[in-house]
Amino acid sequence: MPKGLKAALEDIQAKAIDLSELRVQTVTGDVSAVIKSKNFDDLEKLLTPGTEANAVASLQLVLDTTIKFDGDSLNFISTAASPELIEIHKEAVAAGLKQRQGFIEMFKDIVAR
């Protein structure tokens with residue numbers, strides 16, 4: 001087996017759990033953060049207390065969609081979900097599905113070689 005393909009398969013195996021579902025969450029609220037560095041490249045890291053920032057957040061989960069690999073889905077829609085947030089959430093789900101499809105197509109091309 002070629003080295004590149006073996007490495008790709010090992011990487012996919014290591015990430016199999018992450019690939020088994022697509023999850024999109026839409027959250028509203030306010031976040032205040034005291035940033036300890038000037039690196040804004042990784043917002044998630046910046047907003048994680050104890051790493052690069054101290055954050056105080058008042059957040060509300062408004063929409064949550066989980067799509068399993070076999071197509072089963074679970075959806076949560078808060079009564080606080082506005083039509084605008086629902087549209088943004090739908091676009092994020094569609095983008096996630098498109099990304100997953102692209103990854104599967106890429107993998108099929110690699111395996112077919």
Original post:
Could you say which residue among Phe69, Phe107 is closer than 30 Å to Lys3 by Cβ and surrounded by 14 or more Cβ atoms within 10 Å (Cβ to Cβ)?
Top reply: Phe107
Subject >> Residue satisfying all of: in the range 1-31; polar (S, T, N, Q) and at pLDDT 75 or above; surrounded by the fewest Cβ atoms within 10 Å (Cβ to Cβ) among these >> reply: Gln25
**OP:** Could you please find all residues in the range 61-84 being farther than 21 Å from Ile104 by Cβ, touching a residue at least 24 places away in the same chain (Cβ under 8 Å) and in a strand (DSSP E or B)?
**Re:** Leu61, Val62, Leu63, Asp64
**OP:** Could you tell me which numbered condition Ile104 fails, if it satisfies all but one of (1) closer than 17 Å to Glu21 by Cα; (2) of a type in the set (A, V, I, L, M); (3) touching a strand residue (DSSP E or B) at 6+ places or on another chain (Cβ under 8 Å)?
**Re:** (3)
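The values are calculated or read from the model by the stated rules, or taken from the named source; none is laboratory data. Being a predicted model, the structure only gives us computed values, none of them experimental. For neighbour counting, all protein chains shown are included, and Cβ atoms are generated from backbone atoms with ideal geometry for every residue, glycine included.
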